[in-house]
1. For the pair residue 78/residue 15, report the inter-label distance in nm, with labels modelled 7 Å from Cα in the Cβ direction.
2. Given R₀ = 25 Å, FRET efficiency for residue 65-residue 85 by Cβ-Cβ distance, to 0.05?
3. What whole-number distance in Å separates the alpha-carbon centres of the stretch 59-85 and the stretch 10-33?
Amino acid sequence: MNRTTAFILTLVTALFCGFPGLGLLCFSAVGAIGISRPGYYSLHPESTPQAGWLGVGIFVFFGIVLLVIPILVGVFSFNMSKSPKPDINEPLPPAI
């Protein structure tokens, strides 16, 4: 795999996984702010705070997972694109 392919692959995974992961983390922050308010102001006043914190935890977990995917793809694809190291035991070519 060449470096251009590795860069494009990393960019695509950042677009389709990284940005949605950031969105999930933002939604979890909004959800955490909404949980601390009294039930009268919340969207679903009949829901319990434990259910709200469970939703925030799920959003945080999947947001972090989606953020880690482009990082791992970038690291592995750029490591695969490096040229192999020369063999030390290989004989030298003849001098001209």
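1. 2.0
2. 0.15
3. After rounding, the separation between the Cα centres reads 16 Å.
Bear in mind these aren't lab numbers, they're just calculated from the coordinates by the rules spelled out. Nothing here was measured: the structure is a model prediction, and the numbers come from that model. Every residue, glycine as well, gets a Cβ built from its backbone with ideal geometry; the counts of neighbours run over all protein chains shown.
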